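The values are calculated or read from the model by the stated rules, or taken from the named source; none is laboratory data. These numbers were taken from a predicted model, which means no experiment stands behind them. Please note: Cβ atoms are built from the backbone with ideal geometry, for glycine as well, and neighbour counts cover all protein chains shown. Accessible surface is based on the protein model in full, side chains and every heavy atom, while ligands, DNA and RNA are left aside. Shrake-Rupley method; radii C 1.70, N 1.55, O 1.52, S 1.80 Å.
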Amino acid sequence: PGCRGAQGRFAYKLLHDLFANYSSALRPVEDTDRALNVTLQVTLSQIIDMDERNQVLTSYLWVRQAWQDAHLTWDKDDYDGIDSIRIPSSYVWRPDIILYNNADEHFGGSMETNVVLRSDGHIMWDSPAITKSSCKVDVSYFPFDGQHCRLTFGSWTYNGNQIDLRNRLDTGDLTDFVENVEWEVLGMPATRNVITYGCCSEPYPDVTYTLLLRRRASFYIFNLLLPCILVSFLAPLGFYLPADSGEKVSLGVTVLLALTVFQLLVAESMPPSESVPLIGKYYIATMTMITASTALTIFIMNVHHCGPGARPVPPWARRLILHHMARLCCVYEVGESCKSPQRALGGQEGRGDAGGPWESPGEGKVGTETGGCPWDHCLCHHDALLRNVSYIAGCFRRHRANQRRTGEWKRVAKVMDRFFMWVFFLMVFLMSVLVLGNAA
């Protein structure tokens, strides 16, 4: 206990002797024409936030600065072997090293921590700091993007002839880094730059740490990209719906509104720049495709609901759509053949012509002989009956022709539905593959 008490008294005496005639306002060098060497080392502890919209990176850093103070040296044998002391940083001169690309509105500096002062005048100052730095964010490949954020440290008032700032290591220290849930740190290389600004003729050295970040895309894949792909595959199914269901256009409009909501969610978090993110391009292409599919659906429904007054299907459309495209899209007509009703109708007409009571002269004569109506009177009834039957047969024939013409247009609409369904399925698949390929 006596030794520890004696060492404490020597520490008080050392502190009094060192700062008796010391000023922290002047640069601590014996020769004012020589530059003071200051080494800088930055340890990345945590990435707090990356604000893509405002392009600001908030990080928690440990900043270590070391330099030589020529006025704070002592012989440790004179002070009971004391080799180092820890004193408040405000007691000694400190280099005004700041973050050049600071984006904090309050512009707060490092925390006022103690410095470690050694007997040879070497000073080491470790201070934690929460920094907000401006970072140029490139969201062209969002959510599969990577960012390069720079942290540039340098003296604000001392030029290179007064302070020679150097980096202690060629990279930032990541041994104590706390993993971020959104960003993966690939590295933090450090480079020393000497820049002559337009305001001054003297060179100003700085140390720039480049933070290499890569976004963890799993969250965005499962919450933004995968739902969009699933919703996109619903759009071609609108062509598969029956035209009489009345839900074909409403399905396309619903899918379009769903993609618009996803597009707004992405736009709210992205900076308002000219570079459109990859997922935004995918949304725009999908919305354009769905708009085109909805317009085609309206056109096909107009073809499907052609009335009896529609023109017959042109020969080229019958050959191209009802023959080639129907076979390509595997669209077959289910039901009785169109020739069977014609044959039945022809058979009935033949039987009516051959076996009707009004066309057998023999039977007419028998009726006359048996006391029926007179032969000339039966002929009048026979002509009227023939006219009525001919009128009914003509109406029935026109009705069947109208039905056959309407059925052909419906079949044309059905073949076009199936054709565009496979075309749009292929387009959605190719767009999804292109998005994933560009991301890779």
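Observations on the structure shown:
- Cβ-Cβ distance of Met111 and Val181, R₀ of 22 Å, FRET efficiency by 1/(1 + (r/R0)^6): the value works out to about 0.25.
- Per the Kirkwood formula applied to alpha carbons, the stretch 81-165 shows a radius of gyration over Rh ratio, Rg over Rh, of 1.12.
- Couplings for the stretch 284-300, taken from phi via the Karplus curve 6.51 cos²θ - 1.76 cosθ + 1.60 with θ = phi - 60°, read 5, 5, 5, 5, 5, 5, 5, 4, 5, 5, 5, 5, 5, 4, 4, 5, 5 Hz in order; Gly and Pro are left as x.
- Rounded to whole Hz, the Karplus (6.51, -1.76, 1.60) HN-Hα couplings of the stretch 182-194, x for glycine and proline: 9, 10, 10, 8, 8, x, 8, x, 10, 9, 9, 10, 10
- The Cβ shell under 12 Å around Arg214 holds other residues with a net charge of -1, Lys and Arg each +1, Asp and Glu each -1.
- Relative to its residue count, the stretch 259-331 spans a Cα convex hull of 159 Å³ per residue.
- For the set Tyr240, Tyr100, Tyr12, the ranking by accessible area, highest first and with no ligand, DNA or RNA atoms included, is Tyr12, Tyr240, Tyr100 under a 1.4 Å probe.
- Backbone phi angles across the stretch 32-48, fed through the Karplus curve with coefficients 6.51, -1.76 and 1.60 (θ = phi - 60°), yield HN-Hα couplings of 5, 7, 9, 7, 8, 7, 10, 9, 10, 9, 10, 10, 8, 9, 6, 9, 7 Hz in residue order; Gly and Pro are listed as x.
- Summing +1 for each Lys or Arg and -1 for each Asp or Glu among the other residues whose beta-carbon sits under 14 angstrom from that of Leu328 gives +3.
- For the stretch 218-262 and the stretch 169-190, distance of Cα centres in Å: 41
- Projected over every direction and averaged, the convex hull enclosing the alpha-carbon atoms of the stretch 8-215 yields 13.7 nm².
- Here the stretch 8-215 is assigned +1 on the Cβ of each Lys and Arg and -1 on the Cβ of each Asp and Glu. Its dipole about the Cα centre then comes out at about 160 debye.
- Count Lys and Arg as plus one, Asp and Glu as minus one, and take only other residues whose Cβ is under 12 Å from that of Arg150; the net charge is then 0.
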